[in-house]
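For reference, the structure is listed below as structure tokens.
The values are calculated or read from the model by the stated rules, or taken from the named source; none is laboratory data. This is a predicted model, so every value here is computed, not measured. No Cβ is skipped: glycine too gets one built from the backbone with ideal geometry, and neighbour counts run over all protein chains shown.
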Amino acid sequence: MRRTLGINVLQCPVCQMTMVLLAVITRREVIDRILTHVKVPREPVEADEPAALYYDVTGEPVPSWVIGVDPDPDERGPPDYDELIDPPAPEM
């Protein structure tokens, strides 16, 4: 992520110090035990508001109105010739 996005994933977001990777946990029973201990639900929880589907490079969620701005892209055709030309400037 550092090379492509310029994000240092090992930098602490609070104190800016470099963190050390201690372990990569892949066993489900260990993950469940840790999540239970820190009181985080092990399964997804239904939210009142839909969760963000995409995040920008800063980690902020992209608003849902940005995603899918073009509701029906198949109904569009190629632009008309007139749409490619800027209108003339108004006379002053």
Open item on the list: Looking only at segment 23-43, count every residue that is exposed (fewer than 10 other Cβ atoms within 10 Å of the Cβ) and closer than 22 Å to residue 59 by Cβ and tell me the total.
Closed with: 4
Open item on the list: Looking for something out of contact with any Gly (no Cβ under 9 Å at 6 or more places or on another chain), assigned to a loop (DSSP other than H, G, I, E, B), surrounded by fewer than 10 Cβ atoms within 10 Å (Cβ to Cβ) and modelled with pLDDT of 70 or more - is there at least one such residue anywhere in segment 62-73?
Closed with: no
Task: Candidate set from segment 1-13 (those that are part of a loop (DSSP other than H, G, I, E, B), within 16 Å of residue 58 (Cβ to Cβ) and aliphatic (A, V, I, L, M)); member that is modelled with the highest pLDDT - done: 9
Open item on the list: Looking at segment 19-34, can you tell me whether even one residue there is closer than 30 Å to residue 5 by Cα, touching an Asp or Glu at 6+ places or on another chain (Cβ under 6 Å) and at pLDDT below 90?
Closed with: no
